[in-house]
Amino acid sequence: MPFSHYLKLIGISSLIAIPLFWWLMNSWLSRFAYRIDLELWHGLAPGLLILLIVVCTISLKNYTKAIENPASALRGD
């Protein structure tokens, strides 16, 4: 699966999750006498962390396949 497909999936899931997170947390925090206001980075930080994990994972997998011996891959070892 190309990297662009992963980016598309992360983007779609972020578009669903960030507004849902914002609504749920605002409704939950409104019940407290002393509350904090949510900022934009509270919703974007988890998405960026997931993006970083995906990029590192795909890069590591590509690197291990790039340094592998092609003859062993063709033999099926």
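Just so it is clear, none of the values below were taken in a lab; they were calculated from the coordinates. What you see is a predicted model, and the numbers here were worked out from it, not measured in a lab. Please note: Cβ atoms are built from the backbone with ideal geometry, for glycine as well, and neighbour counts cover all protein chains shown.
If you build a Gaussian network model of the chain, linking Cα atoms that sit under 10 Å apart, which residue out of ALA33, ALA17, ALA45 swings the most? Fluctuation is largest for ALA33.
Using r as the Cβ-Cβ distance of TYR6 and LEU40, and R0 as 22 Å, what FRET efficiency do you calculate, to the nearest 0.05?
Calculated transfer efficiency: 0.40.
Average 1/r across all pairs of distinct alpha carbons in the stretch 28-73, invert it, and you get the Kirkwood radius: 14.2 Å. With respect to the chain, whose longest principal axis is taken over its alpha-carbon atoms, helix 3-29 is tilted by about 20°. Histogrammed with a bin width of 10 Å, the alpha carbon distances of the chain distribute as 15, 31, 23, 16, 9, 5, 1 percent, first bin at zero. Under a Gaussian network description of the chain, with springs only between Cα atoms under 10 Å, the residue in SER30, SER59, SER13 that fluctuates furthest is SER30. Apply 1/(1 + (r/R0)^6) to the Cβ-Cβ distance of ALA17 and SER59, taking R0 = 35 Å, and write down the FRET efficiency to the nearest 0.05. Result of the calculation: an efficiency of 0.90. Once the Cα atoms are used to define both axes, helix 40-66 deviates from the longest principal axis of the chain by about 10 degrees.
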